[in-house]
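Enquirer: My structure is below; once you've seen it, I'll send some questions.
Laboratory data are not the source of any read-out in this text; all were calculated from the coordinates shown. This is a predicted model, so every value here is computed, not measured. Quick reminder, even Gly has a Cβ in these numbers, built from the backbone with ideal geometry, and neighbours come from all protein chains shown.
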Protein chains: 2
Amino acid sequence: MKSNSVQVLTGGVLLLLASCQRAPTLAVVDPLASWNETTAKTAIVQFVARVTAEGGSEFVPVAERVAVFDNDGTLWAEHPVYFQFAFALDRVKVMAPDHPEWTTKEPFASLLKGDIGAALAGGEKAIVEIMMTTHAGMTSEEFEQIVKDWAATARHPKTGRLYTEMVYQPMFELLGYLRANGFKTFIVSGGGIEFMRPWTEQVYGVPPEQVVGSSVKTTYEVRDGKPVLVRLPEVNFIDDKDGKPVGIQMHIGRRPIAAFGNSDGDFQMLEWTTSGPGARLGLLVHHTDSEREWAYDRGSPIGALERGLDEAAQRGWVVVDMKQDWSTIFPAQ
Amino acid sequence: MKSNSVQVLTGGVLLLLASCQRAPTLAVVDPLASWNETTAKTAIVQFVARVTAEGGSEFVPVAERVAVFDNDGTLWAEHPVYFQFAFALDRVKVMAPDHPEWTTKEPFASLLKGDIGAALAGGEKAIVEIMMTTHAGMTSEEFEQIVKDWAATARHPKTGRLYTEMVYQPMFELLGYLRANGFKTFIVSGGGIEFMRPWTEQVYGVPPEQVVGSSVKTTYEVRDGKPVLVRLPEVNFIDDKDGKPVGIQMHIGRRPIAAFGNSDGDFQMLEWTTSGPGARLGLLVHHTDSEREWAYDRGSPIGALERGLDEAAQRGWVVVDMKQDWSTIFPAQ
């Protein structure tokens, strides 16, 4: 494209109007190319058209075009285990040589033998111990580097892809489409805020200041004249369920007009978003594709979707059928 | 200015290159017009030139140009009492008819008699009680409206100006100058996050998602089918001193390259900001003008500046002498 060309973004198409010496050319590129022409795509495009139509009754100023996205199961996959839990398990292996006591201490002993089921027999207490051991005790900058190194090398057990290549191409397109229409896009995830920030800008185009998530307490110290932020093994905030609207208010300070999730952990975020005045969009990604991805909803230990399915129709939320609505799941490698 | 004119921002001057039928005209407007030509202004302009010089050794990409500003005493005045405390006192008067018990209950009884000194004899406990009574118990949306109504009408006891007209013109220009040079500007204040957000976008051009402050705990409820966020009378986070770097990490997720404060409550924010690698700017506003504003530093009950003054030189921080460095304090009305 020549540098003096003009990009005009309209409801559903990207028009590239190239100005050149020859006769003008017109290329039409669909910014939502991985979305099949079904009702889900129509609902998204129509919502954006309504809130961006200047002079229209549902016009929303750019500053108020806030869109929030869950991460696990909405922007990237979450099976067979949450990727952050896979990170924690990898960390246990890396840290084990410095912890000889783990060979006999649960839940680490079972983890190191590869028996995740036995490790998790300890329930929530075991999970919290694994998470705190692997996510706290270092500085924020050290943790950032640990996550970056892991994200650059760790691979998904089923696909062999980097975990950051397990993002959903249609959702990636949706992020860009909304931004091109003046939206500010935020991640609002139950995952760790500091686990996501090291790679969300590069992978999703979402900068750290637009990431909301769960967190541990942090303290400021000056060590040998050098200031550091130290991550403590104590929960600060859980950004899930009722916590999502609270996290949104804390970090964003205004109610979004569009919310995207996939599980009942996102229910309150969609409820809060879509109960405001004016045009609103709530959307749930329903995992229906056991061949290209995974199929799960009711009763799933990860990403259960039950109340959301029951109430989506009456609340006017869009339910995306991954198998029917998405022509592509993961980006080309 | 004609619509086809071009704005070119350089280190210290805004060039308006107007394209028109007549001979081209060149207007030079100083974006820091209220800053006298002293070392403080030079330090600001040179810092911005260094981090924005493409190809230079100290160039900082736009995404990393994060600047943080304290509010009380840095962006707006803070005498004779923090304006948020004036808001709380006004709220006590408004709420009094619904609280007949306050006529005999301290600290409210003294406040309603106009005796602030006696009310504050109860120390921190009295202050917390006044703040929690006036800042909690309602929904976030109700509180936002209360603050908006107050900000639109309440006036400073000395100047008769609206409190939002007690902002510092030179700092307002500095916010705009940094933004014009690709910086994202954040407020990081000990004041209440929800007390600032209702007016910071209009007054400073800082949107709610770029405001960091102290907060009360909030809970999500559905009342008669309508979701609300309820402000609880319990401290969630104090964004002051050691808390400022923690608040920065929580909300912004990267270390700023420029920090602006005025009191020892900002010390750690400047320390954290200026101890990172590359070009950094730390700046303290020193209140030296008893005629046009107020003069205070050591031992002041509000906005005390002691350690900052002692260590500014060795840390390379700029100390603004309001009397000498600012040609204007408050904006023209």
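Enquirer: Measure off 7 Å from each Cα along the Cα-to-Cβ vector at residue B:53 and residue B:219, then give the distance between these two points in nanometres to one decimal.
Expert: According to this spin-label approximation, the distance is 5.7 nm.
Enquirer: Classify the stretch A:86-230 as rounded, prolate or oblate from the Cα gyration tensor: take a ≥ b ≥ c as the square roots of its eigenvalues, call it rounded if a/c is under 1.5, otherwise prolate when a/b beats b/c and oblate if not.
Expert: oblate
Enquirer: Still on this model: Check the straight Cα-Cα distances from residue B:125 and name the aspartates and glutamates below 14 Å, setting aside those fewer than 8 residues away within the same chain.
Expert: Hits, sequence-local ones excluded: B:106, B:234.
Enquirer: Also: Tell me, what is the FRET efficiency for residue A:292 and residue A:81 to the nearest 0.05, using R0 = 25 angstrom and their Cβ-Cβ distance as r?
Expert: 0.85
Enquirer: Which order do the peptides B:156-169, B:92-105 come out in when sorted by mean C-beta neighbours inside 10 angstrom, highest first?
Expert: B:156-169, B:92-105
Enquirer: Return the chain A residue and its Cβ-to-axis distance, rounded to the nearest Å, for the rotation relating A to B.
Expert: A:251, 3
Enquirer: What FRET efficiency do you get for residue B:302 and residue B:125 if R0 is 25 Å and r is their Cβ-Cβ distance, rounded to the nearest 0.05?
Expert: That gives a FRET efficiency of 0.85.
Enquirer: Let me ask another. Would you calculate a helix-derived [θ] at 222 nm for chain A, using -39,500 (n - 2.57) for each DSSP H run of n ≥ 4 and dividing by the full residue count, to the nearest 500?
Expert: -10000 deg cm²/dmol
Enquirer: Residue A:221 label points, 7 Å along Cα→Cβ, one per copy: pairwise distances from this copy to the rest in nm, shortest first?
Expert: Label-point distances to the other copies, shortest first: 4.0 nm.
Enquirer: Still on this model: Using only the Cα atoms of the protein assembly as shown, what do you get for the radius of gyration and for Dmax, in Å?
Expert: Rg then Dmax for the protein assembly as shown, in Å: 26.8, 86.
Enquirer: What nm distances, shortest first, do you get from the label point of residue B:332 to those in the other copies when the point sits 7 angstrom along Cα to Cβ?
Expert: 6.0
Enquirer: Suppose you put the label 7 Å out from Cα in the Cβ direction; list, shortest first and in nm with one decimal, how far residue B:55 is from each other copy's label.
Expert: Relative to the other copies, residue B:55 has label-point distances of 4.6 nm.
Enquirer: Only four residue types carry charge here, +1 at the Cβ of Lys and Arg and -1 at the Cβ of Asp and Glu. Report the dipole size of chain B about the Cα centre in Debye, rounded to the nearest 20.
Expert: 780
Enquirer: Here's something else I'd like to know. Given Cα pairs under 8 Å that are at least 6 residues apart, what percent is the relative contact order of chain B?
Expert: 20
Enquirer: Round to a whole angstrom and tell me the spacing of the C-alpha centers of the stretch B:218-254 and the stretch A:214-262.
Expert: 9
Enquirer: Tally Lys and Arg at +1 and Asp and Glu at -1 over the other residues with C-beta under 12 Å from the C-beta of residue A:327: what net charge comes out?
Expert: -2
Enquirer: In peptide B:241-252, how many Cβ atoms from other protein chains are near each Cβ within 10 Å, on average?
Expert: Mean shielding count: 5.
Enquirer: Could you sort the peptides B:191-204, A:222-235, A:249-262 by per-residue average Cβ neighbour count (10 Å cutoff), highest mean leading?
Expert: Those peptides, ordered most packed to least, come out A:249-262, B:191-204, A:222-235.
Enquirer: Also, quick follow-up: For the stretch A:56-97 and the stretch B:267-333, what is the separation of their C-alpha centers, rounded to whole Å?
Expert: Here the answer is 40 Å between Cα centres.
Enquirer: Pick from A:281, A:112, A:270: which is most flexible by mean-square fluctuation in a GNM of chain A where alpha carbon atoms under 10 Å apart are linked?
Expert: The residue that fluctuates most here is A:112.
Enquirer: How big is the gap, in Å, between the Cα center of the stretch A:37-55 and the Cα center of the stretch A:104-147?
Expert: Centre-to-centre (Cα) distance: 44 Å.
Enquirer: Please say if the stretch A:200-251 is rounded, prolate or oblate, where rounded means a/c under 1.5 for a ≥ b ≥ c the square roots of the C-alpha gyration tensor eigenvalues, and otherwise the choice is prolate for a/b larger than b/c and oblate otherwise?
Expert: oblate
Enquirer: How large is Rg/Rh for chain B, to two decimals, with Cα atoms and a Kirkwood Rh?
Expert: On the Cα set of chain B, Rg over Rh gives 1.00.
Enquirer: Antiparallel DSSP bridges in chain B: what percent, to the nearest 5?
Expert: Counting only bridges with both partners in chain B, antiparallel ones make up about 55 percent.
Enquirer: Please sort A:38-44, B:240-246 by packing, taking for each peptide the average over its residues of neighbouring beta carbons within 10 angstrom, highest first.
Expert: Top to bottom by mean Cβ count within 10 Å: B:240-246, A:38-44.
Enquirer: Between B:297, B:310, B:70, where does the largest GNM mean-square fluctuation fall for chain B, given springs only between Cα atoms within less than 10 Å?
Expert: Comparing B:297, B:310, B:70 in a Gaussian network model of chain B, the most mobile one is B:310.
Enquirer: Further, regarding this structure: In the structure displayed, which of A:93/A:148; A:323/B:226; B:93/B:158; B:41/B:184 lie more than 24 Å apart, Cα to Cα?
Expert: A:323/B:226
Enquirer: Of the beta bridges DSSP finds with both residues in the protein assembly as shown, what % are antiparallel, to the nearest 5?
Expert: So the antiparallel bridges amount to about 55 percent of the total.
Enquirer: Continuing with this model, one more query. Using a 10 angstrom cutoff on alpha carbons, build the Gaussian network for chain B and name the most mobile of B:124, B:209, B:64.
Expert: B:124
Enquirer: Further question on the same structure: Report the net charge of residues surrounding residue A:219, where surrounding means a beta-carbon distance below 15 angstrom and charges are Lys +1, Arg +1, Asp -1, Glu -1.
Expert: -3
Enquirer: According to the square roots a ≥ b ≥ c of the eigenvalues of the Cα gyration tensor, what is the shape class of the stretch A:175-226, taking rounded for a/c under 1.5, prolate for a/b larger than b/c otherwise, and oblate for the remainder?
Expert: Prolate shape, in that a/c is at least 1.5 and a/b is the bigger ratio.
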